[in-house]
1. Once you have all Cα-Cα distances for the stretch 289-419, histogram them in 5 Å bins from zero and send the whole-percent values.
2. Stick to the Cα atoms of the stretch 694-753, pair each with every other, and give me the Kirkwood hydrodynamic radius in Å at one decimal.
3. R0 = 25 Å: FRET efficiency of residue 448 with residue 679, Cβ-based, nearest 0.05?
4. Give 137/305; 309/344; 160/309; 503/581; 503/613 a once-over and call out the pairs whose C-alpha atoms are over 21 Å from each other.
5. How far apart, in nm, are the 7 Å Cα→Cβ label points at residue 307 and residue 648?
6. Return the FRET efficiency for the residue pair residue 340, residue 215: r is the Cβ-Cβ distance, R0 is 25 Å, and the value is rounded to the nearest 0.05.
7. Taking the Kirkwood radius as the inverse of the mean 1/r across Cα pairs, report the Rg/Rh of the stretch 14-753.
8. As a footprinting exposure proxy, order 678, 491, 233, 735 by other Cβ within 10 Å, with the fewest listed first.
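Nothing in this text is a laboratory measurement; each read-out follows from the coordinates by a stated rule. The structure displayed is predicted, hence computed values, not measured ones. Cβ sites come from the backbone with ideal geometry, for glycine too, and all protein chains shown count toward neighbours.
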Amino acid sequence: MPPAADTYQPDEIVVTAQKREERLLDVPQSISVVSSATLERQQVRNIADYTALVPGLSIQQSTPGQTRVVLRGINTGGASPTVAVYVDDTPFGSSTGQSNAAGLAGDIDPFDVERIEVLRGPQGTLYGANSLGGVVKYVTAAPKIGEWESKAQAGIETVKGGDMGWSANGVLNMPVSDGIAVRASGFYRRTGGFIDTLGAARRDANDVDSYGGRVSILVKPSDQLTVRLSALLQNLRGDSRASFDADPVSLAPQPTDPATGAPVSGLTRTEFSPGRTSVDYRLYNGTLDWDWGFATLTSVTSYGKLFSKDRNDATYQLPGVADAIFGTEPDTRGLLFPSEVTQKKFTQELRLASPDNDRLEWLVGGYYTREKGRIFQQYVPFDLATGETVDPTLVLPVGPGGADISFPDFLVARLDSIYKEYAGFGSATLHLGSRFDLTGGVRYSHNTQSTAQLLDGSFLPLSGGAVGPEIERGRSSENVLTWSMSPRLELSDHASVYARVAKGYRPGGPNVVPPGAPSDFPRQFDADTLVSYEAGLRAETADRSLAVDASVYYLDWRNIQTVVTYQTSIGPVSADGNGDKARSKGAEITVALRPIRGFDFTASIAYNDAKLKDDLPGIDIGAPDLVAPGVKGDRLPYAPKWSGNISADYRWPMSRSVNAFAGGSIRIVSDQTTDFDLAYLLTYGRRLTIDGYATVDVRAGFEVGRFNVQFYARNLNNSHGLINAGQFQTRPGTLLNASPIRPRSFGMTVGASF
């Protein structure tokens, strides 16, 4: 073991937050970086895992692939995202709620990712729409010219009360010629389930398979020209949702089968027809960098596709409806809710950036995107005893003069959308002396949206609506100016302070209009905007054995997009709308300590106070006045006031050829309020709140030459923390959905590199 005096200097952290490579120490804004070494050491496999490593980052997740990302508490629900996801320089996923983008944030496997950069928002100047809360950026490992590299890994895992899981992955970097290299990686991961289903009885029904890979070709014909072509493919396949039926007050698992009254143990959910989920990611990118001397021209062209398919038992969402219409006796028919979402996105960005300069650095560019989305949903009757679907055809006397009309579907809804955006942007950094610089940026964006909505089926006339199909078309157009300004002062070669004021926005758009909508139903919702005021400190010792990153902030959020509810001929229906104001204020600090060679200690803590500044739009419940689901002073959903993480790792030589390593992490998350739910509020007189929790992870292993073995335990204390709860009155009786973190898991991996 080396003596305490044997200090060392780790690698300097380089980021691309401002679309040029620069030291983290020189960037005048709040950024967290999770390196590839940390991802591998802490067995990070998905978005839920690295959330624990980033101060102020949280998620709301009902099942893998269906995730909402929240930064610094900027969230009120709704279908539009507040955090943008990027893979290298390519935006991933839709910019609009017309294709449920908020709940389909990319859950990209981090295998062979060089680092993950989390840029706290708003980032509207360089990253555009939907980055008012921030940006999560996956920086993938680029091909290495002139180098052969390969590595492979396999692992197994057990989970308390659940099934066995396993994984395998590998990567190959292959030089083709002096100026060409190819890098290819692939993975397959089976995550064992731990939630049983009742009705259609299955044990450990929430298992998930995730598989895919990346291929990248780097061509460098000269020192001035580089071309990189990349393709990302990933599939997620899940069975039942990763949520259980919970008591609405305590959020404890249900103790009995709702259908039979028989006692049950563990985590269970009722499904009379087996659920299925699947999400496919496809992302293709071509990036060209051409150094012209006075500036570098960069072209980024991409095409991405996301396809999500969800099959869910919705019998309790519309209780008794299927029995009344399709059943011969009570409790014989249920309703399935198949749903498909398709997002297709083309982007083109051109930018011209000056080289590094000690007086002035500048960047100008233009951006275009065209997104095509589709949501297709159905309600389909099925037999409760067998789980098999039944013929939904009905003949009703609702034609002219009472004539019969045959309806082949019970209810079908389809929403087609097109989103286009044009933007021009620029930024510049002016160095005023050797210690002070000023960075500013501006972006002008114009977007247009069009939608075509179709509703059809026998449910429309049965509920008092017109005979379908009902077709509604919507259009919207917006012009938005966003900007940022960031002064930075170097206190020394290894310390700086900065301030930042920035504006971001999130597009509005046409609304989905249900049948029988009243005249005041909003046909369109507006963009919301956020202005951030932030100050921070970054400092490290000369040998980088100690580093501190701290920031304080105040976010002023106006015209907030939120869910509004209106009474229609088919009952209360939710849509996107606008409220007034909210704000978020807080502080974050991360300390990294490396006192001796091989020892790494990191501690971070985040305080976030995110609240409404005005009441949300009221809902008509038949009372004399509208009732607001959230009022001034209410906390924003899924924004814990406190979160923190402590991690320590140590590696040491056991002999000339054997190195050992060991480490552990503790994560703490405070209580969180859930979505604004008026039905729950009126029933229990309060918002639904998730209790805080803490988790402990430990890991250890050894390396022998090119081979390594690691053992780990995640959630060693078997915390019962939750990352989602709600959907009151859509489950049996008064139960609701609750989605837990993964129970105690033990695993082992074996790897080799060549």
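1. Taking every Cα pair in the stretch 289-419, the percentages come to 2, 9, 12, 12, 10, 9, 8, 7, 6, 5, 5, 5, 5, 4, 3, 1, 0.
2. With all distinct Cα pairs of the stretch 694-753 included, I get 14.2 Å.
3. Using R0 = 25 Å, I get an efficiency of 0.10.
4. In this structure, 160/309 lie more than 21 Å apart at Cα.
5. Result for the modelled spin labels: 5.0 nm.
6. With a Förster radius of 25 Å, E is 0.35.
7. 0.97
8. 491, 233, 678, 735
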